[in-house]
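Scroll down for the structure; my scribbles are underneath it.
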Amino acid sequence: MRRHQEMPQAAGTYRDGWTAAIHPVQVVLETNALRWAGADGNLLGAWTLSTVTVADEGAGRWRLTSHEAPEASLSVSDALLVDELRQRLPQPKAKPRSPWPRVLLFGAAVLAVLAAAAMALPWVSRAIAHRLPARVETQLALNLDPFFAKRQCSSPQGQDALDELVSRLRAGDSGVRGRPRARVVDWDLVNALTLPGGSIIVTRGLLEQADSPDELAGVLGHELEHVARRHIMTQLVRAALLTGAWTLAVGDISGLLVVDPATMVQIASRKYSRDDEREADEGAVRRLRAAGIDGRGFATFFDRLAQRQDDTPELLSTHPPSELRAQVVAQLFAQRRGPSARDVETPPAPALTPAAWQAVRTMCYRPAAR
Amino acid sequence: MEPTSVMPPAEENRVAPASATEVHQFAYRGDGVEYLGVLLKTILLTLVTFGVYAAWAKVQRRKYVWEHLSCGDEAFGFHGTGREIFIGYLKVAGVYFGMFLVMFAVGQIWPSAAQFAVLLPAIVGATLAPFAMYWARRYLLSRTSWRGVRFGLDGQARSYAWAMLKGGLLTILTLGFYAPYLTHNLRHITWNRTRYGSQSFVYDGTGRELFRIWLPGVLKTVCTLGLYSFSFQAQMLRYYVGHLQLDGARGRSTVDGWALFKIALSSLTVPLTLGLAFPSVFTYALRVVAQGVRFEGSIAFDRIYQVTTRANPAADGLSDALGVSLGI
């Protein structure tokens, strides 16, 4: 047991947490406690050592606080006393000599996490899109309806023919939710869009560019595959995830509530990724074969559009060229020379009868029937 | 660069005689690279927790800055906790979610009103913004201490919001000329209700004096295609700080246009380094400004005592969500 005189003590300053005054005090470090007294010798306070925490203020100054008195603090800078405290109290976090190792370490870690997130994003988007309940897609589809309904072309014969062609191309589909429907919209631009809920939009401009129903079938088969694979929902989910991440980063939630039709159409009109296009092309070829429709139309349509001198049709900018498409063209033209033995599952038949084709082509020339 | 301008005579008569009295000098001792380390660590933890850590990250940032900022050689302290800020975030998210439900319900019941329903968040946001600013300031002050005693902000946000609304309209109607009066009004409201412990601050500037500095400043800035703006801002800061009083001490700013120009110049490095230079620039700016600000005169510290201020931590998250946060 140490005698009182041998207990380490030194001058310090005390903030009592009640007034703003700073009292110069004499601090005594006892076995289990800290005591300090003012200039007149009056005891001003004491803390049990086990409740004390230390913060290193730098330049040899230690600030001591205790949860017995959260607003108060004691500062000591005497080297000997600090040494004694160092032995009795849990060490304060030592300030590293240079901040650079920490910066480099955490900087590299942040980059690694961001890179991993970027790589995982397509996969996660797809997984979520495939598991979204049908209700969500239906609701989105309902939101979009007014947007297209205004300019929709319809005629009973035209729509029937279109619907029949679509079900022919869907024959092999399993597990595709709902009933994908093709609609024609009275727009000049040459494009085909897939929307959530399985709607396929074909523009009048595209119909006018098609030479034969086989070409239209090719485009429809391609789009049906986009629907079956949920490419558009994946894109929407990806956009939502990115917006969500940005919101968290910035702290401003207002962007999250934007689910208006215009934004969705914009996302729907975006360029598909190479992988998505490849999948859609594979699907198109497969569907055409299964339905017994001549596959040449599919490849040559895109080709012919690409040859145009004036402007690049929207269809091409949203559906970038894929190797498979080029392959199909090459294959088909190569086969024209050799014997025409092909593995078709059904005997070839045109996509639409001439009458049906005419009905589809003229769908937009009549006022939309309501 | 323009040297510091001479203070108008009225100004000098107002300044409390600085006898051999106390000078309470501000100083910032943080290090830019060290602060970058803090930011990177908090960003990493925020990322891997999908944003949950953001509340604690705020506390870490604030603790670093507050504890390296000192006045009269005594460091400030930040006493907020991640937990209270996080719960605040949840409350704000809850309000947004509630609004979303209302919008959805309206959309279902009256489809024709749906397009107006989407305006709801914007309207609510704009109305709440000045309140959020006042409440957020109160929260921050109530969690800030100096020499063991906490700051505070009294009064209702209502008058602040009303002043902002009236002032905003007047500023638009007067094509901007009312702006300094608006600034003055808001400053007057907040500072005269700001407290250090039991001691209130006093802001004794006037709108007219501010206008007299503002108008020539704006004109000169326009005529010099912006170059004068730094000197102008320095003058405004000098007026601002010079009219703040705490007990027997009055503020004084010696920050000049040249210093502000250097700060602006250094901030150009931030986009160039994809944001990495931000902590260093921030540190530099804070160090320069702190060096130039002090309070001169005596403050009776032993008569200033602790007063608890009730403040809502949710205000912090709300001001962030509305885009009117205090920036730290």
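The values are calculated or read from the model by the stated rules, or taken from the named source; none is laboratory data. What you are looking at is a predicted structure, and each value in this text was computed from that prediction instead of being measured. Positions of Cβ are backbone-derived with ideal geometry, glycine not excepted, and every protein chain shown enters the neighbour counts. With ligands, DNA and RNA removed, areas are computed over all heavy atoms of the protein, side chains included. Shrake-Rupley method; radii C 1.70, N 1.55, O 1.52, S 1.80 Å.
Here are a few things to note about the model shown:
- Of all residues in segment B:296-309, none are surrounded by 15 or more Cβ atoms within 10 Å (Cβ to Cβ) and over 30 Å from residue B:21 (Cβ atoms).
- Options A:120, A:129, A:109: the member that is away from chain B (no Cβ under 11 Å) and free of Cβ contacts under 8 Å to residues at least 60 places away in the same chain: A:120
- Looking across segment B:101-128, just one residue is closer than 17 Å to residue A:144 by Cβ and not in a helix (DSSP H, G or I), and that is B:118.
- Residue pairs meeting the criteria (Cβ under 8 Å; at least 6 apart or on separate chains; first open to solvent by 40 Å² or more (accessible area, probe 1.4 Å) and among the basic types (Lys, Arg), in segment B:180-208; second modelled with pLDDT of 95 or more and part of a strand (DSSP E or B)): B:193/B:153; B:193/B:200
- Within segment A:71-91, the set of residues being more than 8 Å from chain B (Cβ to nearest Cβ) and open to solvent by 20 Å² or more (accessible area, probe 1.4 Å) comprises A:77, A:78, A:79, A:80, A:83, A:84, A:86, A:87, A:88, A:90, A:91.
- Candidates A:31, A:48 - the one that is more than 24 Å from residue B:197 (Cβ to Cβ), over 54 Å from the mean Cα position of the chain (by Cα) and among the hydroxyl-bearing types (Ser, Thr, Tyr): A:31
- For segment B:154-179, taking the residues that are among the hydroxyl-bearing types (Ser, Thr, Tyr) and surrounded by fewer than 19 Cβ atoms within 10 Å (Cβ to Cβ), the one that is nearest to residue A:20 (Cα to Cα) is identified as B:159.
- Pairs, first within 8 Å of another protein chain (Cβ to nearest Cβ) and touching a residue at least 40 places away in the same chain (Cβ under 8 Å) in segment B:284-308, second surrounded by fewer than 20 Cβ atoms within 10 Å (Cβ to Cβ) and among the aromatic types (Phe, Trp, Tyr), C-beta under 7 Å, six or more apart: B:305/A:18; B:306/A:18
- Where residue B:120 falls short, out of the listed (1) farther than 30 Å from residue A:74 by Cβ; (2) out of contact with any Gly (no Cβ under 6 Å at 6 or more places or on another chain); (3) in contact (Cβ under 8 Å) with a residue 24 or more places away in the chain: (3)
- Evaluated against (1) within 14 Å of chain A (Cβ to nearest Cβ); (2) under 24 Å from residue A:15 (Cα atoms); (3) not in a helix (DSSP H, G or I), residue B:328 falls short on exactly one condition, (2).
- Within segment B:99-142, if we keep just the residues that are within 12 Å of chain A (Cβ to nearest Cβ) and of a type outside the set (A, V, I, L, M, F, W, C), the residue that is surrounded by the fewest Cβ atoms within 10 Å (Cβ to Cβ) turns out to be B:112.
- Across segment B:66-74, a minimum of one residue is classified as open to solvent by 20 Å² or more (accessible area, probe 1.4 Å), small (Gly, Ala, Ser), farther than 16 Å from residue B:280 by Cβ and part of a loop (DSSP other than H, G, I, E, B).
One line per residue, one yes/no per condition, for (1) over 25 Å from residue B:142 (Cα atoms); (2) of a type in the set (Ser, Thr, Tyr):
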| site | (1), (2) |
| --- | --- |
| A:38 | yes, no |
| A:41 | yes, no |
| A:49 | yes, no |
| A:55 | no, no |
| A:69 | no, no |
| A:73 | no, yes |
| A:85 | yes, no |
| A:90 | yes, no |
| A:97 | yes, no |
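- So residue B:316, is it more than 9 Å from chain A (Cβ to nearest Cβ), crowded, with 21+ Cβ neighbours inside 10 Å and at pLDDT below 95: yes
- Residue check for residue B:151: within 14 Å of chain A (Cβ to nearest Cβ), touching a residue at least 24 places away in the same chain (Cβ under 8 Å) and either at negative phi or open to solvent by 20 Å² or more (accessible area, probe 1.4 Å) (or both): yes
- Across segment A:22-32, a minimum of one residue is classified as open to solvent by 50 Å² or more (accessible area, probe 1.4 Å), assigned to a loop (DSSP other than H, G, I, E, B) and not aliphatic (A, V, I, L, M).
- Of residues in segment A:197-209 being open to solvent by less than 10 Å² (accessible area, probe 1.4 Å) and of a type in the set (Gly, Ala, Ser), the one farthest from residue A:298 (Cα to Cα): A:198
- Filtering segment B:38-53 to residues that are open to solvent by less than 40 Å² (accessible area, probe 1.4 Å) and facing another protein chain (nearest Cβ under 7 Å) leaves B:40, B:44, B:51.
- Restricted to helices (runs of 4 or more DSSP H) entirely inside segment A:97-196, those with at least 2 residues that are farther than 15 Å from residue A:233 by Cα, at pLDDT 90 or above and open to solvent by 50 Å² or more (accessible area, probe 1.4 Å) are A:100-131.
- Subset of segment B:277-301 (residues that are part of a helix (DSSP H, G or I) and small (Gly, Ala, Ser)): B:280, B:285, B:290
- When segment B:238-258 is filtered for residues that are of a type in the set (A, V, I, L, M) and either part of a loop (DSSP other than H, G, I, E, B) or under 13 Å from residue B:293 (Cα atoms) (or both), the ones remaining, listed by number, are B:241, B:244, B:249, B:255.
- Test: residue in segment B:238-251 that is more than 14 Å from every other protein chain (Cβ to nearest Cβ), at pLDDT 95 or above, under 26 Å from residue B:135 (Cα atoms) and out of contact with any strand residue (DSSP E or B) (no Cβ under 9 Å at 6 or more places or on another chain): no
- Among all positions in segment B:90-112, there is no residue which is touching a Phe, Trp or Tyr at 6+ places or on another chain (Cβ under 7 Å) and among the hydrophobic types (A, V, I, L, M, F, W, C).
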